[in-house]
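Input: a single structure, listed below in structure tokens.
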Amino acid sequence: MEDLTQAEIAARLGLTRLRVNRILSECRASGLVRVHLASRLESCVALEARLVQDFGLADAVIVPTPDDPAKLPGLIGMAAGDHLSRYLARAEVSVFGVGWGATLRETIRHIAQADLPDLWVTAMMGGLTQGLELNTFETAGELARRLNAQCTYLAAPIYAGSAQSRDTLVALDVFAEVFARIRAVDLALLSLGDLSPRSLLIRHGLPNDVTVRELKAAGAVGDVLGQFLDATGRPIDHPINERVIGLPSAQLAEVRHVVLAAGGRHKTAVIAAALRGGIPRVLVTDEETARAALSLAG
């Protein structure tokens, strides 16, 4: 904040310059220190305006596509975190719903810490027992800690064994409060999954009796909240969607502010589908993906 060089910081604190460099790197990785460039690239701004105009979005945030695809979740997460921080500072939110995934984990790390004890954070879908990106407990809990908010967990798997067992499970008294909270979500942070092996859901969450081939045959291009969508953004006609334990995708239209954070060319089709289906109020993605999704959806 005082515009000191690393050498000056090291001298003041009695540290080596290398140690200062490492501390700053750790602070950037954790989100404690954020680098913000006020200048916006003209091409990104033009894409944002077109997305807002063509699909009736409240906002769009487009970041330049990095040369290294591994950096994409972090960059999109920073942009989404900044948008959500500004939104929470100006809007009154009662229930903040969240999905899971690598991009959302990065987003939560970049949401500014706040003191919102009256806010409820809730997972909007079940989860798995492996991997931080798939752990809805970890995702919702970390978001609640950053905002000093209350937290509700959905202690259930993503998919039940059948539609009947799903209905039986959801009807249990123990889930009544959490589903009431999920239905009351007025701000949602979600991501999108594709059908490639890159998808965490495809790799780890798809039931053994369901294959990617049959999902594609049913018209699926990807998923939101574990529910598979066709190219128009509507749920496909497949039993898997009746087994999801979470908010039905059709009810996302009732959520006041849905933020979708996703990027990468492998997600072009599902992003285009979500735009066609009117799912997001805000889309956060990268430039190349936005351009490809616009071409496909247009």
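A compact table of results
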{"read-out": "Residues of segment 168-184 classified as assigned to a helix (DSSP H, G or I) and either within 10 Å of Ile245 (Cβ to Cβ) or in contact (Cβ under 8 Å) with a residue 24 or more places away in the chain (or both), total", "value": "9"}
{"read-out": "Selection status of Thr139, of a type in the set (Ser, Thr, Tyr) and touching a Lys or Arg at 6+ places or on another chain (Cβ under 8 Å)", "value": "yes"}
{"read-out": "Pick from segment 276-298, criterion aliphatic (A, V, I, L, M), surrounded by fewer than 23 Cβ atoms within 10 Å (Cβ to Cβ) and out of contact with any Leu (no Cβ under 6 Å at 6 or more places or on another chain), ranking: nearest to Thr107 (Cα to Cα)", "value": "Val282"}
{"read-out": "Qualifying residue in segment 45-67 (condition: farther than 20 Å from Leu275 by Cα and among the aliphatic types (A, V, I, L, M))", "value": "no"}
{"read-out": "The one condition in (1) more than 24 Å from Ala140 (Cβ to Cβ); (2) buried (at least 19 other Cβ atoms within 10 Å of the Cβ) that Val185 fails to fulfil", "value": "(1)"}
{"read-out": "Qualifying residue in segment 92-102 (condition: part of a helix (DSSP H, G or I), surrounded by 13 or more Cβ atoms within 10 Å (Cβ to Cβ), at pLDDT below 95 and of a type in the set (Gly, Ala, Ser))", "value": "yes"}
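The values are calculated or read from the model by the stated rules, or taken from the named source; none is laboratory data. Note that this is a predicted model, so its numbers are computed, not measured. Methodologically, a virtual Cβ is constructed for each residue, glycine included, from the backbone with ideal geometry; neighbour enumeration extends over all protein chains shown.
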